[in-house]
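Peer 1: My questions all concern the structure below.
The values are calculated or read from the model by the stated rules, or taken from the named source; none is laboratory data. Keep in mind the model is a prediction, meaning the values are calculated, not measured. A quick note on method: Cβ atoms are made from the backbone with ideal geometry, for glycine too, and the neighbour counts reach across all protein chains shown. Protein only, heavy atoms only, side chains kept; ligands, DNA and RNA dropped before computing areas. Shrake-Rupley method; radii C 1.70, N 1.55, O 1.52, S 1.80 Å.
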Amino acid sequence: MYFISLLTLGFLVVSCGNSSEETQIQLPTIDTAVRYGNKNFTLPALSPNAREEAIKWSVYEDFENEITQINGSNIEALLSSTERLVQFSDSLIKTVPPTLNEQAISSRLLVTKTRANLLHQEIRLSRLDSLAIETKIEQLNQATKNLIVRINEKFTKQSIDLERKDDEEAELKKQKKFQDSVFQVELRDRDN
């Protein structure tokens, strides 16, 4: 009986030792040749007035550059780029210049930040899904385009409002001048 117990214990020790050698974890290899996103992707240009305001918004240019660079990147580049994008998008929301601080722009910033976070999470998964990564990059690209379009619209609307105000002031001056001339004519006629 003692011999059988000793023999069983010996087999158990040997089998445990062999199993640890056999079950080494195989980490998935990352294919760095695969490129994600649209290499030809370009963001819409900011209008001159919007660009002037974006320069004051220091983190915006970094964010814009990073968005452009993720397109056509491999997974290693995406890992570091998305981390920076998450930080930049968070900073964008916290440092919105007063001239751009409106609900429509804030909403688009929040969507862009969410898309950057979702892409970052997707890339960090243990099992990469190329289609999901491509979809999330496209969604981030679209969210960023929408943000830029809204910023441009704000400055276009502002420009139209200023032009309308100038036109109204010119029209009021013209009417005042006309009323003054009519008044002068009436005074002359009364004096004669």
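Peer 1: Within segment 55-63, does at least one residue satisfy the condition of being surrounded by fewer than 17 Cβ atoms within 10 Å (Cβ to Cβ) and in contact with a Pro (Cβ under 7 Å, 6 or more places away or on another chain)?
Peer 2: yes
Peer 1: Hey, among the residues in segment 91-146 that are within 16 Å of the chain's Cα centre (by Cα) and basic (Lys, Arg), which one's surrounded by the most Cβ atoms within 10 Å (Cβ to Cβ)?
Peer 2: Top of the filtered list is Lys136.
Peer 1: Something else about it: Residue check, Tyr60 against (1) closer than 15 Å to Ile137 by Cβ; (2) in contact (Cβ under 8 Å) with a residue 12 or more places away in the chain, all met but one. Which one?
Peer 2: That leaves (1) as the condition not met.
Peer 1: Give the number of residues within segment 56-81 that are at pLDDT below 90 and within 13 Å of Ile151 (Cα to Cα).
Peer 2: Residues in segment 56-81 being at pLDDT below 90 and within 13 Å of Ile151 (Cα to Cα): 1 in total.
Peer 1: Being surrounded by fewer than 17 Cβ atoms within 10 Å (Cβ to Cβ) and on the phi < 0 side of the Ramachandran plot is the requirement here; does Glu52 meet it?
Peer 2: yes
Peer 1: So which pairs qualify, if the first residue must be in segment 118-138 and more than 14 Å from Ile67 (Cα to Cα), the second must be open to solvent by 70 Å² or more (accessible area, probe 1.4 Å) and of a type in the set (Asp, Glu), the Cβ gap must be under 8 Å, and the two must be at least 6 apart or on different chains?
Peer 2: From segment 118-138, the pairs are Glu122/Asp129.
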